[in-house]
Amino acid sequence: MTGSPDAGTESASVAGPGVARPDPRVRDADASPIGLVGTGLMGSAIARRLLAQGRQVVAWNREPDALAPLLARGATTAASPRAVAEAAEIVLLCVLDIGAVGDCVRGADGIAAARGPALLIDLSTIDPAATRDLAAELCMANGAGWVDAPVSGGPPAAEAGTLTIMAGGEVADMERAAPVLAMLATNVTHMGPVGAGQTAKMINQALVGAGFVLMAEALAIAEASGIDAARVPACLAGGLADSALLAQVYPAMQARRFEPRLGYARQLDKDMRAVRTFAQGLGLDLPVVGAAADRFAAFVAAGHGMEDGRAITRLYDS
């Protein structure tokens, strides 16, 4: 879920979670508020990171109760996505799916109805074609630029400022977004024009979703065989099977330790279905992706949609 920055990547050294010390390598002369639309698991972690870096944050969330912990840390709230956009030059959008992104942009009190902002950075995971359509609509409505910047790493990485971000957008918009993205990530890669970041995220989610299922099945083999399942990551470290999934996800599955949640199973279900549809649109038949998508669909259908995605290992518990 990580990669090496390309020549155009600006990385930042980071402080630990909650440390209110601005990163000395973040070169952002603009101290105006940063807007944030969506304060779920990931959005809240991003807000905490920005506040810890000394930035003002003005936020909106569909469920207002989710804003209370951020208010206690110094954030301010706005009445709508439009109000956020009118209070901030740069707005971050971090919501569940294309329906939510569309509502926040196109709605009566959406970002497109605002006098600004100068730039919208969409951290959500949605379809590349829909991203291009929404970006064009927003530009036509109020001239705002669009950078699609889906993230990988989960809330802990967001709060530590160590996310991986795959980005799409015009060069000028990427340059404007760079100081904000540098506060959140140590790996920001500009993959091409608007939509290219979302295409890269499709690949990321294919690897993550299929990887979670594979880790669950590897664990099932280990436990059924009678070996010490907890020792598998150390046993395989340094070999071709070694990976972040084996080192981080497998141990959580083996211990049945799924808190704090990295994300919801319903999100991976949504993303895996999107990957399969995207691949079909390219004329590709991807049976491994399809099988992993079916596993997540079964897990969510069994009532586990709000559990952590790593809990899919429960499908293999006898």
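The values are calculated or read from the model by the stated rules, or taken from the named source; none is laboratory data. On a predicted model such as this, the values are computed, not experimentally measured, just so you know. Positions of Cβ are backbone-derived with ideal geometry, glycine not excepted, and every protein chain shown enters the neighbour counts.
I need the full set of residues from the range 78-96 which are of a type outside the set (A, V, I, L, M, F, W, C), surrounded by 18 or more Cβ atoms within 10 Å (Cβ to Cβ) and outside any helix (DSSP H, G or I), in order please. Ser80 - this is the single residue of the range 78-96 that is of a type outside the set (A, V, I, L, M, F, W, C), surrounded by 18 or more Cβ atoms within 10 Å (Cβ to Cβ) and outside any helix (DSSP H, G or I). When you check Ala12 against the structure, is it within 19 Å of the chain's Cα centre (by Cα), part of a strand (DSSP E or B) and either among the small types (Gly, Ala, Ser) or modelled with pLDDT under 50 (or both), yes or no? It is false that Ala12 is within 19 Å of the chain's Cα centre (by Cα), part of a strand (DSSP E or B) and either among the small types (Gly, Ala, Ser) or modelled with pLDDT under 50 (or both). Among the residues of the range 33-79, those identified as under 17 Å from the mean Cα position of the chain (by Cα) and hydroxyl-bearing (Ser, Thr, Tyr) are Thr39, Ser44.
Evaluating Ile227 against the criteria (1) in a helix (DSSP H, G or I); (2) out of contact with any strand residue (DSSP E or B) (no Cβ under 9 Å at 6 or more places or on another chain) leaves one unmet condition, (1). Where residues in the range 271-314 are assigned to a loop (DSSP other than H, G, I, E, B) and under 21 Å from the mean Cα position of the chain (by Cα), which of them is surrounded by the fewest Cβ atoms within 10 Å (Cβ to Cβ)? Across the range 271-314, the extreme among qualifying residues is Met306. Mind checking whether some residue in the range 249-265 is in contact with a strand residue (DSSP E or B) (Cβ under 9 Å, 6 or more places away or on another chain), part of a helix (DSSP H, G or I) and closer than 30 Å to Glu159 by Cβ? Yes - at least one qualifying residue is present in the range 249-265. Strands (runs of 3 or more DSSP E) fully within the range 105-191 that include at least 1 residues being among the β-branched types (Val, Ile, Thr), touching a residue at least 12 places away in the same chain (Cβ under 8 Å) and within 26 Å of Ala79 (Cα to Cα): 119-122, 145-148.
On the stretch given as the range 230-248, residues that are among the small types (Gly, Ala, Ser), in a helix (DSSP H, G or I) and more than 28 Å from the chain's Cα centre (by Cα) total 2. Remark: pairs (first residue in the range 238-255, surrounded by 13 or more Cβ atoms within 10 Å (Cβ to Cβ); second residue among the aromatic types (Phe, Trp, Tyr); Cβ separation under 8 Å; 6+ apart in sequence or on different chains) = Leu245/Phe212; Val249/Phe212; Ala252/Phe258.
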